[in-house]
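Take a look at the structure set out below.
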Amino acid sequence: MLTDSFSVNSKGHLTLGGADTVELAKEYGTPLYVFDENDIRNNCRNFKNAFDKYYGGNARVYYASKAFSCKEMYRLVNSEGICADVVSGGELYTALSAGLPAEKIGFHGNNKTPDELSFALDSKVGRIIVDNMTELEVLNEIAKEKGVKQNINFRIKPGIDCHTHDYIKTGQIDCKFGFALENGEALEAVKAAAQMENLNLVGIHCHIGSQIFETEPFVDAADIMVSFAKNISEQFGVNITEINFGGGYGIKYTNADKPVSKDESIKILCQAVKASCEKYNFALPTICIEPGRSIVGASSLTLYTVGSVKEIKNIRSYVAVDGGMSDNPRYALYNAEYDAVVANKADKAKDFVCTIAGKCCESGDLIQENISIQQVEKGDILAVLATGAYNYSMASNYNRIPRPAAVMVNDGASRVIINRETYEDLIKKDV
Ligand SMILES: *Cc1c(COP(=O)(O)O)cnc(C)c1O
């Protein structure tokens, strides 16, 4: 089992958060996203508690809501006392609609439109993370027009890249996000910001990658970021009081993945920041992080109904499900790995190697290739595990397939948090 949320009951059915997934499929239909509320809450608490333990609580955890954005998620993280970051006007609108206080919102993005910036200022979001020089100037202009002073952070490219499994320390200048350090771009921007009357540069930000299993990149990031903060306080008198290290904490998609515990990750980050502050004689900043996947990704699944099994002798067997890249484009996009279980046969051996195919009109519409699952037939319920992050949020209406419903389970009880789209929804904007 990937996490403690998963189990198999006496009927041999897969359960998540104490709920029988076969029953969930029956009650709500398929495809269906299912999330374990207790695990999401524990993930929030584990990050927060670790900062209390290792940093006196001088920290803010922002849920990176692009991983899974819907009103209930913002309510949930708000009730856990954590913040959220958004990357578009749409996410901002959703967060505000759910009652998340604007001051707890960080607004990201490499090309926020003037309308989005204006919306963010009018909403009084806590932080805008400025990506580039043009945005800095535009934001200052809009803030001036509105007569407000906005707290901002700068997105920095620290020259560390862990998007691949090999951890690369240089060459990350070729990235669409943020200000580079090595060519002086970041310094120039700080110099400019220091002169701007309607912006207040209070923090610096970096995000070094996703699905990271190592801790050294964060130690290196701490050193680079604290050193830069010290440098700009000396050169420009800019007082950096918070450093944001972004997200990227890895989760278990398959048993091959070995994530570091939240406690351990935060302990190492806090130690590194303290050590760097001592080294550069810099006052301890508020530490911010932005976990997305590691809040919502691991203890979740997507349920499908198997429509057919197509055996191509000596080649492969395709198991066709009633969803696909329309609800989970991640394998088609970048060969993301997943584990899968036949939910109504979860106590049986996984002795059938197959390719799970969606129902979209694309040969590349696959959920996983050459995966071992239980012997499967038409009508079985197939669970693809750990689909909570970047599945619903990346879903589309390709082939005019309605987006699935999402359900939250809690100690065996379940409730809908996103309704299934209807055919009527699909034509709503058509004229
Ligand atoms: C995507 C992203 C995150 C979240 O990343 P995870 O891998 O889901 O934790 C956090 N911050 C920024 C700026 C991001 O772009």
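Values quoted throughout were computed directly from the atomic coordinates according to the rules given, and no laboratory measurement underlies them. In this text the structure is predicted, and so the values were computed from the model without any measurement. Cβ coordinates were reconstructed from backbone atoms using ideal geometry, including for glycine residues, and neighbour counts include every protein chain displayed.
Tabulated data
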{"item": "Computed [θ] at 222 nm, deg cm²/dmol, the chain (DSSP H ≥ 4; -39,500 (n - 2.57); rounded to nearest 500)", "result": "-9500 deg cm²/dmol"}
{"item": "Antiparallel DSSP beta bridges within the stretch 37-294, percent to nearest 5", "result": "5"}
{"item": "Over 28 Å between alpha carbons, listed pairs 313/378; 112/429; 112/149; 11/71", "result": "11/71"}
{"item": "Separation of alpha-carbon centers, the stretch 367-413 and the stretch 283-301, rounded to whole Å", "result": "23"}
{"item": "Alpha-carbon Rg with Dmax, taken over the stretch 195-236, Å", "result": "13.6, 41"}
{"item": "Whole-percent pair-distance distribution, where bins are 10 Å wide, for the alpha carbons of the chain", "result": "4, 21, 29, 24, 14, 6, 1, 0"}
{"item": "Antiparallel bridges, percent of DSSP beta bridges restricted to the chain (to nearest 5)", "result": "50"}
{"item": "Within the chain: Cβ-based charge dipole about Cα centre, in debye rounded to nearest 20 (Lys, Arg +1; Asp, Glu -1)", "result": "460"}
{"item": "Largest to smallest principal axis extent of the C-alpha atoms in the stretch 354-431, angstrom", "result": "45, 39, 25"}
{"item": "Calculated SAXS-style log₁₀ I(q)/I(0) at q = 0.09, 0.12 Å⁻¹ - the stretch 37-294, Debye, Cα scatterers", "result": "-0.37, -0.67"}
{"item": "Cα centroid separation - the stretch 175-233 against the stretch 64-139, whole Å", "result": "20"}
{"item": "Principal-axis tilt of helix 133-146 within the chain, Cα atoms, nearest 10 degrees", "result": "80"}
{"item": "Under the Debye formula (equal points on every Cα, no solvent term), log10 I(q)/I(0) of the stretch 223-273 at q = 0.16, 0.19, 0.28 Å⁻¹", "result": "-0.61, -0.74, -1.09"}
{"item": "Degrees separating the helix 185-194 axis from the principal Cα axis of the chain, which is the longest one", "result": "60"}
{"item": "Residues with amide H under 5 Å from that of residue 336, placed H, sequence gap 5 or more", "result": "331"}
{"item": "Tilt relative to the chain, helix 262-280 - C-alpha long axis, 0 to 90 degrees, to 10", "result": "20"}
{"item": "Angstrom value of the Kirkwood radius, inverse mean 1/r, which spans all Cα pairs in the stretch 1-144", "result": "17.4"}
{"item": "Cα lying deepest toward the dipole's positive end in the chain, options 312, 375, 108, charges on Cβ", "result": "375"}
